[in-house]
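Only one structure is covered here, and it is reproduced in the block below.
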Amino acid sequence: MRKSNIRQKTAFALWVLTAVLSTACSGKKSGVSYEFTNIRRGTLERTVSSSGKINPVSTVRVLPQMSGKVEKIFVDYNDPIRKGDILAELNTDVLKLKREQQYAAVIKARANYELQQINYRNQQVLAEKNLISEYELKTSKTTLDSQAADLAVAEANYKEIETEINQYAYIKSPIDGIVLDRNINVGDTVVDSSSNNSSSIFTVAENLREMQIEAMVGELDVVSIRKGQIVRFSLESLPGRNFSGEVESLRMVPVVSNNVVSYTVIVKVENQDGALLPGMTCAVDFIVERSENVLMVSNAALRYQPTNLSAEKIADMVFNAGLEGMNDEQREAALEAAQKARAQTRAQNAGQNQGAGLTNLMMGGGQQGRMMGGGSGGGRQTFTQRQGQGPGQGARRGEGAAIVMRNIWYVSDEGKLEVMRVRAGISSGSFTEIHSREDVEGKQVILREKI
């Protein structure tokens, strides 16, 4: 009686195991439901994202050419200016006193020079009559030249003071533009630009109608950047507005921060309405590729893999789906490669089983070892892994570029779980372009399993 019960329980267990395997092979599982999405047409872009700062194309720092106290300021922030306009004036009271003092020095030097001229002419007359020696005449000529030099120095010093009073005391704009920054107030003392302590007193932007973005792009993405590339950017301060620009140049000098290498990309943008202000930060998207009116599907659908199928079953279904997209020659070559891979895997497994025979005996018999390590499923699974992509994706080398194949799962009209192979194109991060030999527009595919 006990043996009969044992046989009944064993038969029941085998029946249950057979039912479970049959259900798994048919792609159905009790309690599994799906979320679906549709393959549709649209426009896709592959972009490189970065951030940057908006700056004027050209700015000029205005430094004083002489030291002094600020007497007057004629411009303020954001004032438009023209080249030569007076921005500020320095006090010249001390310079005017120095000018009078130097003027007196010029008069004295000129008087000494004129007196020495008369003396030298007299020495020449006496020398002609041999009344003085040649040395005395030469000494008189040297004194005259020295007096002439003193007069020239005095006149140059006077002109320098005049220049400071009439020109350097008036700080003028070197270009047409707009005042971005003012670093002085009335009563401040400024230092001339030749000193190490000198600093700019005004910052002038040449033109705010044309701006530029300095964006930092990582070394992995910088190879996708080229001159003339279209750029789209947005600002948090102006939500809802999209701006566009164009890559002007790529600076080859790397910037290393926290062991991350980046490069500065200059983007030229128009600012006709003046909405873009210097110093604004923006989110930048460099458009690398763009495809219009293409079939696309959610990336989640491409990542989906059934949880109610074994790895062997998934490999079989993906392999058969891949054969459907091939011609007879390609299909024959694929089948031959699969058979060789399966035979090689069996040989490897046989060698492993022979070497581990003693271990299997000690672990409880050879049947369990054959179920764990042998069987036809191992060959197919090894073949799939050797493709390097797993059951969800694969790659084939086409003419000039790699062809990436991906899997899309769907439920057939008969209610069975099926898979089809598609060629993937560009991806926006959320959707991916796909190419299929069949007309799959509007087809409902599995997005994910419902919990």
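A few notes on this one:
- One residue alone among Ile225, Ile201 is within 30 Å of Met66 (Cα to Cα), touching a residue at least 12 places away in the same chain (Cβ under 8 Å), surrounded by 15 or more Cβ atoms within 10 Å (Cβ to Cβ) and touching a Leu at 6+ places or on another chain (Cβ under 8 Å), and that residue is Ile201.
- Test: residue in segment 153-162 that is outside the structural domain of Ile73 (by TED's automatic domain parsing), β-branched (Val, Ile, Thr) and crowded, with 16+ Cβ neighbours inside 10 Å: yes
For every residue, the table says whether it meets (1) touching a Pro at 6+ places or on another chain (Cβ under 8 Å); (2) within 30 Å of Val217 (Cβ to Cβ); (3) among the small types (Gly, Ala, Ser).
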| position | (1), (2), (3) |
| --- | --- |
| Glu45 | no, yes, no |
| Ile54 | yes, yes, no |
| Val60 | yes, yes, no |
| Leu63 | no, no, no |
| Glu71 | no, no, no |
| Gly84 | no, no, yes |
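- Residue in segment 67-110 that is nearest to Asp188 (Cα to Cα), counting only those that are of a type in the set (Gly, Ala, Ser) and under 47 Å from the mean Cα position of the chain (by Cα): Gly68
- Residue in segment 395-413 that is assigned to a loop (DSSP other than H, G, I, E, B), at pLDDT below 90 and at positive phi present: yes
- Only one entry in Asn349, Asn299, Asn271, Asn259 is at pLDDT below 90 and either under 18 Å from the mean Cα position of the chain (by Cα) or not hydrophobic (A, V, I, L, M, F, W, C) (or both), namely Asn349.
- Odd one out for Lys96, checked against (1) under 28 Å from Val204 (Cβ atoms); (2) in contact (Cβ under 8 Å) with a residue 60 or more places away in the chain; (3) not aromatic (Phe, Trp, Tyr): (1)
- Checked against (1) more than 23 Å from Ala275 (Cα to Cα); (2) touching a strand residue (DSSP E or B) at 6+ places or on another chain (Cβ under 9 Å), Val223 meets all criteria but (2).
- Extreme residue, farthest from Gly42 (Cα to Cα), among residues of segment 418-451 that are in a loop (DSSP other than H, G, I, E, B) and among the charged types (D, E, K, R): Lys450
- Filtered residue count, segment 33-90, keeping only those that are surrounded by 19 or more Cβ atoms within 10 Å (Cβ to Cβ), among the hydrophobic types (A, V, I, L, M, F, W, C) and in a strand (DSSP E or B): 9
- Among the residues of segment 152-167, none qualifies, meaning not one is touching a Ser or Thr at 6+ places or on another chain (Cβ under 9 Å) and closer than 25 Å to Val57 by Cα.
- Pairs are defined by a Cβ separation below 7 Å, a sequence spacing of at least 6 or placement on different chains, a first member in segment 100-116 that is of a type in the set (Val, Ile, Thr), and a second member that is in a helix (DSSP H, G or I); the pairs so defined are Val106/Ala154; Val106/Glu155; Val106/Tyr158.
The values are calculated or read from the model by the stated rules, or taken from the named source; none is laboratory data. Remember, it's a predicted structure, so these values are computed and weren't measured experimentally. Every residue, glycine as well, gets a Cβ built from its backbone with ideal geometry; the counts of neighbours run over all protein chains shown.
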